[in-house]
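Notes follow once the structure below has been shown.
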Amino acid sequence: MTREVDGGLETIAVALPAIVTVDLRLNEPRYASLPNIMKARKKPMETLSPGDLGVDVTPRLTTLSVSEPPVRKGGVTVASVAELVSKLRSEARVI
Amino acid sequence: MPASQHRPGLIQHTFGWPLDHRTYGGSWMYHFGENLVSYGFVVGLDYPNTWLSPFDEMQRLKTHPAIRPHLEGGRRISYGARALSEGGLQSIPRLTFPGGALIGDAAGFLNVPKIKGTHAAMKSGMLAAEAVAEALSDGRPAEPASFTARVRASWLWQELRGVRNIRPAFAKYGTIAGAAYSGLDAMLLRGRAPWTLRHRHADHAVLDSAAASAPIDYPKPDGRLTFDRSSSVFLSNTNHAEDQPVHLVLRDPARWRAVNWDRFRSPESRYCPAGRVRGGGRRAPGRRWVRTRCRGRGCRSTRRTACTARRATSRTRPRTSTGRRPRAAAAPTTSAGCETMKLLVPVKRVLDYNVKPRVRADGSGVDLAGSKMSMNPFDEIAVEEAVRLRERGVATEIVAVSIGVQQCQETLRTALAMGADRALLVLTEAAPEPLAVAKLLRALVLREAPRLVIMGKQAIDDDMNATGQMLAGLLGWAQATFASRVEVEGDGLPP
């Protein structure tokens, strides 16, 4: 298997059975075709509860708060290059 | 909006102000869901004043005493713009062509006075399906030709016939007389008027020159009730490829200058609801005039924005451009030494990656009510890889698993439609934490005995990137994380 690491690729071999977690560039998922969507309705689906599997799913974490990232402010149109340069220098302080 | 201001089920429509009597348009407001309000504004593109800006008219209307109290104190969470086809029955084109048919809004089946077309889209879709079925069964599948006759014989045609004179009446008589005529047409004649009003001109033909139009002085947005365009477009969830080429190119820049600029002062810069269409420009050495453009990279942010020239917001992943990757040929034989190989693919239901998350006002989490949910994109890749392994003859069975609420069934159906063979749903009230998920998956692995578990490296909602690793740890199995290429050789043992 090839995995993405900082600045390159790493190829490793593992023995089965194994867990593989996949990254973005592995493939391009297909769209389900209409006939396959119809077929999927007939495929078996079994429903279980955590109790059936003998697993306790009580949360161990408490979420204290969730907040949104800061809102982006609208831009402004400048009249001239000189004004742009002066704004970059005095207001944005990037040059 | 604040709960104290919310009146569930309230519907309010307006027409008239801030538009003048020669301009068709109006607004809607619906109180719905959990303290949500939908507010929108429609303006006919046959407006005469070249200085008119639909976006700014919408902002201005919000300051009216009939609208302001509904929106004040609320928070803007989304913005979008669409083109409506209001031509009605008089403007419906030929409906079928070899290989296809026009249905819904593509055909122009909007009921204009009701501002409603979803029922027409459903009905015409059903009629098109019948026509397609008939064409296929008759052995002449080239064109679903009976669609037109089916539409004409349906209640949909009767309905559109009944309202055909409303929109042209507004164009002909103006707002007040148009409204009076509409009342007469709808209530007394019940749409059975023996005459049909025509559309006498194209929308652009009635635009007055800049000199003949009274300039409009729109108030500056206050950032609480009224807003500017660029921050609104930022909320539109419009999604385009970063390298999408400019799709509106002037064929004759001199003509743009003489007509659009000299006579009308570039109305496209005002009617574009995203403010992205800009005309004119400089002449760079050896280059042609900079074109009128409608471009995608409006703001430097993770969300790509663009004016959609047809104002259809794309909420789907833009991956159709190069077509679908052809399926790999299925090899009937399994690879040597591996008689059966079962794959387990866990999939998680998450907020669709195109939807901007909305944090609940009390900060207790993300509000998922009414939002589009989809399969975690990394899990989609895992399902795809599993299906490809079976198509290559490596895998023999694919079992999809999801853990969560009842609606995870839909996510599992997606996995089944992509090619998984069967599905397991573990019902829980909320999405459990990674360790609990890993423990549940461990129990399922012991029950199902797969040789390989393929899963997304992380879910895009909580970005924990933990479940796969924990599962490997609990099982004592090997783990290979962040795969960008997977090969299975021999019996799966290292060489």
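A short reminder: the numbers here are calculations on the coordinates, not readings from a lab. Predicted, not measured: the structure shown is a model, and the values here were computed from it. Methodologically, a virtual Cβ is constructed for each residue, glycine included, from the backbone with ideal geometry; neighbour enumeration extends over all protein chains shown.
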Exercise for the section: Place a +1 charge on the Cβ of each Lys and Arg in the protein assembly as shown and a -1 charge on the Cβ of each Asp and Glu, then give the dipole magnitude about the Cα centre in debye, rounded to the nearest 20. Expected result: 2460
Fill in the blank from the handout: For the range B:346-495, the Cα convex hull volume per residue in Å³ comes to 119
Handout entry: FRET efficiency estimate (nearest 0.05) - Cβ-Cβ, A:T58 to B:L225, R0 41 angstrom
Key = 0.35
Problem - Highest-first arrangement of A:73-80, B:49-56, B:422-429, where packing means the average Cβ count within 10 Å - result: B:49-56, B:422-429, A:73-80
Handout entry: Charge-dipole axis of the protein assembly as shown as Lys and Arg at +1 and Asp and Glu at -1 on Cβ define it, positive-most pick from B:H64, B:S85, B:S209
Key = B:S209
Fill in the blank from the handout: Per the 1/(1 + (r/R0)^6) rule, R0 = 45 Å and r from the Cβ atoms of B:Y218 and B:L189, FRET efficiency to 0.05 is 0.70
Fill in the blank from the handout: Across B:434-441, the residue-averaged tally of Cβ atoms belonging to other chains within 10 Å stands at 4
Completion exercise
The size of the Cβ-based charge dipole (Lys, Arg +1; Asp, Glu -1) of the range B:123-260 about the Cα centre, to the nearest 20 debye, is 640
Problem - Listed peptides B:21-33, B:213-225 by packing density, highest first (mean Cβ within 10 Å) - result: B:21-33, B:213-225
Practice task
Determine the percent antiparallel among the DSSP beta bridges restricted to the protein assembly as shown, to the nearest 5.
Solution key: 50
Handout entry: Averaged over A:48-61, number of beta-carbon atoms from partner chains that fall within 10 Å
Key = 6
Fill in the blank from the handout: Among beta bridges assigned by DSSP with both residues in the range B:348-495, the antiparallel ones amount in percent, to the nearest 5, to 40
Practice task
Using only alpha carbon pairs under 8 Å that are at least six residues apart, calculate the relative contact order of the range B:63-168 and give it in whole percent.
Solution key: 28
Fill in the blank from the handout: With no solvent term and unit scatterers on the alpha-carbon positions of the range B:97-180, Debye gives log₁₀ I(q)/I(0) at q = 0.11, 0.19 Å⁻¹ of -0.37, -0.81
Completion exercise
Taking only the alpha-carbon atoms of the protein assembly as shown, the convex hull volume per residue, in cubic angstrom, is 229
Handout entry: Set A:K43/B:K342; B:K220/B:K372; A:K42/B:K372; B:K116/B:K372; B:K348/B:K439; A:K39/B:K372 screened for pairs whose C-alpha atoms are more than 27 Å apart
Key = B:K220/B:K372
Exercise for the section: Have a look at chain A and give its Rg and Dmax from the Cα atoms, expressed in angstrom. Expected result: 26.5, 71
Practice task
Using packing as a proxy for protection, rank B:37-46, B:187-196, B:153-162, A:44-53 so that the peptide with the highest average count of other Cβ atoms within 10 Å comes first.
Solution key: B:37-46, B:153-162, A:44-53, B:187-196
Fill in the blank from the handout: Note on the range B:1-130: contact order normalised by length, alpha-carbon pairs under 8 Å, 6 or more apart, percent, works out to 16
Handout entry: Anchor B:K356: aspartates and glutamates whose Cα lies under 18 Å away (excluding residues fewer than 8 positions away in-chain)
Key = A:E68, B:E34, B:D367, B:D461, B:D462, B:D463
Exercise for the section: Go through the range B:6-99 and name the GluC sites (Glu not before Pro) that are in a DSSP coil and have 14 or fewer other Cβ atoms within 10 Å of their Cβ. Expected result: B:E34, B:E72
Practice task
Rounded to the nearest 0.05, what FRET efficiency do B:K114 and B:M1 give with R0 = 30 Å and r taken as the Cβ-Cβ distance? Could you check?
Solution key: 0.70
Problem - Computed lengthening from B:K342 to B:A254, 0.36 nm per intervening residue step minus Cα-Cα distance - result: 25.1 nm
Fill in the blank from the handout: Partner shielding of A:36-42, as the mean number of partner chain Cβ atoms within 10 Å, equals 4
Practice task
In debye, nearest 20, what is the charge dipole magnitude of the range B:180-241 about its Cα centre with +1 on Lys and Arg Cβ and -1 on Asp and Glu Cβ, if you could check?
Solution key: 320
